[in-house]
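The values are calculated or read from the model by the stated rules, or taken from the named source; none is laboratory data. Since the structure is predicted, the reported quantities are computational estimates derived from the model, not experimental observations. In this analysis, Cβ positions are derived from the backbone assuming ideal geometry, glycine residues included, and neighbour counts consider all displayed protein chains.
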Amino acid sequence: MSFNNILIALGLALAVGLVFRRQGRVYVLMTVSVIALYWLQPSLNIQGYEIWLPTLVLGLVVLSWGLVSEPEERGRRGNLLVGLALFVLVAGLEFISRLRVETTWFNPSPLLFWPTISLALISLSTWGLSRTSGAKMAGLWVMIALLLGIFIFIKLPSFSGLLDTFIVNVSDRLPGPKVEPSPLFDLRWFGFSYIAFRLIHTLRDRQMGRLPQVSLAEYLTYVVFFPALAAGPIDRVERFVKELRQPLALDSDGWLEAGQRLMVGLFKKFVLVDFLSYISLTPANRAYVVSSAWMWVLLYGYSLQIYFDFSGYTDIAIGLGRLLGIKMPENFNAPYLKSNLTLFWNNWHMTLTQWFRAYFFNPLTRSLRSSGKFSIPAVILITQVSTMLLIGLWHGITWNFVAWGLWHGIGLFLQNRWSDFIRPRASGWLTTPGRQKTVEWMGVFATFNFVALGWVFFGFSSMQQSWLVFQKLFGL
């Protein structure tokens, strides 16, 4: 999000937080968040793209709510009114968007209202799909598979290229302005990664019978809550809805907490990150580095830039949420000051780590251990490598992200085995605070450098470029 967008979001948070503390608060937050979903979607040279994708998100949210809610909840009159209001809102946003690209008021786009009609069809499908318990359980799995399929589609560069070609071909057969092919990574879907994770969380918890009942307005607000659209954190619906219904008081402590988080976040993103961009490792400046020492300086600058950029936005999101009476979960806790890789991942992007632990790592660990076919070290290796590999692919389906995931997965396994080996042997030596502190800081140094080297895979688009950086770092 740009600085101007953050200021607008701050103004919205202040207006909603001060005016709508009780009556109508959920509906106002839902409306503002839905508008933000469209407003923040980047405008591209593909006409209507910025309308279709947010509308599809709303359709997926409505469909998911229909699958996770009970019949008595779906039948409430308030939910029907919310659904009708949603159609009106989307139609209005779509009409306004079309007017910006048409030459006259009497020349509407041939696609006018199609996204809204699609949203209505998705909602009707929801009703039919969730009529019986068997269909609902099957629908939950189908919905999870659909979300994962869309996720793979938008993260795999070759699929994005196919989508670009398809849209151009369709445009050639329709009246109106034609679409030119767009750069590969312009086909991006704002906020979908975090939206998909929230939806899958509710779908899986519904399957396990531990999801609380929420209204359509509450569910929509949870999934597309505007402070957390861009980069999280990934909240849990039961915790979020509790404060949505009973917001935290915006007293002097609340103002202080929100103000501090906003100021710290803005300082990180627009002072520290901008400064570090001059001494950060990027594909553009890699070729100009002639010494290993400077390459290490750029690598450290890039490592800090990633941290301050991501944690800065988290601070801003938490500050905005606090103005709205919602205390979102923390995402970072000084990860670069942790003495081993396990502690690093327990304190870096914590809500993502917790999500994968709850829905992948722990179930896989239980399954492998209960099978009795694997030793404990084998279980640790399989679960840690596969989890980190998935986290890498979550960022993008490329060989560089595969390498980044393997780097951390194998690193976590080796650190686990080393800790089990050295702990009983070093306990007799670590008897003084000075020795303990020395070993701890040695661990911090080693962990930070290991993580920094992993960012080489993260920051480049090809393995060849990453290998050239490693060569320069170690003077090969």
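Residues in segment 397-404 include none that are under 30 Å from residue 254 (Cβ atoms), of a type outside the set (Val, Ile, Thr) and at pLDDT below 95.
The requirement of being touching a Ser or Thr at 6+ places or on another chain (Cβ under 6 Å), buried (at least 21 other Cβ atoms within 10 Å of the Cβ), modelled with pLDDT of 80 or more and in a helix (DSSP H, G or I) is satisfied by residue 199.
Within segment 324-341, the set of residues being of a type in the set (Phe, Trp, Tyr) and either under 22 Å from residue 257 (Cβ atoms) or buried (at least 24 other Cβ atoms within 10 Å of the Cβ) (or both) comprises 332 only.
Of all the residues in segment 324-347, those that are touching a residue at least 24 places away in the same chain (Cβ under 8 Å) and not in a helix (DSSP H, G or I) number 12.
Conditions (1) of a type in the set (Lys, Arg); (2) in contact with a Leu (Cβ under 9 Å, 6 or more places away or on another chain); (3) touching a residue at least 40 places away in the same chain (Cβ under 8 Å), marked per residue:
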residue: 206; (1), (2), (3): yes, yes, yes
residue: 210; (1), (2), (3): yes, no, no
residue: 224; (1), (2), (3): no, yes, yes
residue: 245; (1), (2), (3): yes, no, yes
residue: 280; (1), (2), (3): no, yes, no
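Filtering segment 345-388 to residues that are among the hydrophobic types (A, V, I, L, M, F, W, C) and in contact with a Phe, Trp or Tyr (Cβ under 9 Å, 6 or more places away or on another chain) leaves 348, 350, 352, 355, 356, 368, 380, 381, 382, 385, 388. Please work out if residue 436 is over 30 Å from residue 200 (Cα atoms), crowded, with 18+ Cβ neighbours inside 10 Å and in contact with a Leu (Cβ under 7 Å, 6 or more places away or on another chain). The answer is no for residue 436. For beta carbons closer than 9 Å, sequence separation of 6+ or different chains, a first residue in segment 149-163 that is over 16 Å from residue 57 (Cα atoms) and assigned by TED's automatic domain parsing to the domain that holds residue 60 and a second that is modelled with pLDDT under 65 and in a helix (DSSP H, G or I), the qualifying pairs are 157/184; 157/185; 160/184; 160/185; 160/186; 161/184. Looking only at segment 360-385, which residues are touching a residue at least 24 places away in the same chain (Cβ under 8 Å) and crowded, with 16+ Cβ neighbours inside 10 Å? Correct list: 361, 380, 381, 384, 385.
Criterion first (crowded, with 17+ Cβ neighbours inside 10 Å, of a type in the set (Gly, Ala, Ser) and at pLDDT 65 or above) does residue 123 satisfy it? The answer is no for residue 123. If the condition is being closer than 20 Å to residue 198 by Cβ and of a type in the set (Lys, Arg), then segment 239-261 contributes 239, 242, 245.
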